[in-house]
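The values are calculated or read from the model by the stated rules, or taken from the named source; none is laboratory data. Please read these numbers as outputs of a predicted model, since none were measured by experiment. Reconstructed Cβ throughout: ideal geometry from the backbone, glycine too, with neighbour counts over all protein chains shown.
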Amino acid sequence: MADDKNEVGAADRSRISLSEDYEVRDWTASLGVSEQELRAAVDAVGNSADAVRAYLKKS
């Protein structure tokens with residue numbers, strides 16, 4: 001699914017896209033983790049922001 005930058009909202013904020021450099025940068029800053037930690041979390045639990053947050057809290 002292509003990321004339509006004109007359509008942002010709850011669905012866009014609830015998913016983490018590792019294919020967009022700006023999203024990786026923003027999510028790593030927001031979550032306080034490195035890019036490697038973010039990628040490992042997404043690999044482990046999928047791209048749901050809530051699932052990634054929960055995973056990172058446990059780690």
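Observations on the model:
- Annotation note: Cβ proximity below 6 Å between a residue of the stretch 22-41 that is among the polar types (S, T, N, Q) and a residue that is part of a helix (DSSP H, G or I) and crowded, with 16+ Cβ neighbours inside 10 Å (sequence gap 6+ or interchain) occurs for 28/38.
- Where helices (runs of 4 or more DSSP H) fall wholly inside the chain, the ranges with 3 or more residues that are modelled with pLDDT of 95 or more are 21-31, 35-45, 49-58.
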